Amino acid sequence: MKNILKIIVLNLFIMIGVNAVAKDSNTFIVETNRGIITIEVYPEKAPKTVKNFKQYIADGFYNGLIFHRVIGDFMIQGGGFDNDMIQKKTNEPIINESNNKLKNNAYTLAMARTNAPNSATSQFFINLKDNDFLNYSGPSSSKIGYCVFGSVIEGKDIVDKIGKLKTSPKNGQSDVPIKKVVIKSIKQR
């Protein structure tokens, strides 16, 4: 009887440990109407950026938004506009952590922003190729670059398909895919 009790207690500790690890996972499933993209984020390289991204995911912010900007042989961008191209209200901007030695290489995930270096909120992009000109090259606003904080680990073919979609201007935005790319959900794996 004591051995059975020990086994049960041991199994409970293992199950609790597995659940704790899963809740702190840095791997996410991005379910789109075009397919599944699996991404991994790097909190050790971009802690504030990853914390910000995870908070938007926990809030369900991205669910139903679209990839609203697609530029072939460059990048795909999402996380800010709904299906009607109305921009969703965001949290306050975060500091740019682009000086983290990560490069804007093909299939990396980076924060979109305005011309102001510390203006990123919810929008992110996936590089379709190595975009060295987006990398950090100095502290001035013209050289600070765009913060890479993750990468695509599965579903690169889906990213490539999205990157080849035809686009047109819509609601003051250029390069909007004619065929919608909806983010159904982003969930921790």
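Taken together, the values in this text are just the output of simple stated rules run on the coordinates, not laboratory data. Since the structure is predicted, the reported quantities are computational estimates derived from the model, not experimental observations.
Remark: for residue pairs 54/101; 88/170; 88/161; 54/166; 88/129; 89/180, the C-alpha separation exceeds 23 Å in 88/161; 54/166; 88/129.
Full extension of the segment from residue 89 to residue 73, taken as 0.36 nm per residue of separation minus the current Cα-Cα distance, would add 2.8 nm.
Karplus-derived 3J(HN,Hα) values for the range 128-142, using 6.51 cos²θ - 1.76 cosθ + 1.60 with θ = phi - 60°, are 8, 8, 5, 10, 4, 5, 8, 7, 5, 9, x, x, 5, 4, 7 Hz; glycine and proline are entered as x. What separates the Cα centres of the range 53-105 and the range 154-189 is a distance of 12 Å.
Only aspartates and glutamates eight or more places from residue 156 in sequence, or on another chain, were considered; those with a Cα closer than 15 Å are 31, 40, 73, 130. In this structure the amide hydrogen of residue 119, modeled in the peptide plane, comes within under 5 Å of the amide hydrogens of 114, none closer than 5 places in sequence on its chain. Each residue of the range 164-175 was assigned a 3J(HN,Hα) from its phi angle through the Karplus curve 6.51 cos²θ - 1.76 cosθ + 1.60 (θ = phi - 60°); the sequence is 9, 5, 6, 10, 7, x, 7, 6, x, 10, 9, 6 Hz, with glycine and proline shown as x. Scanning the chain for long hydrophobic helices, with DSSP H runs required to stretch 30 angstrom or more by C-alpha along their axis and to average at least -1.0 on the Kyte-Doolittle scale, returns 2-23. DSSP beta bridges confined to the range 58-189 are antiparallel in about 100 percent of cases.
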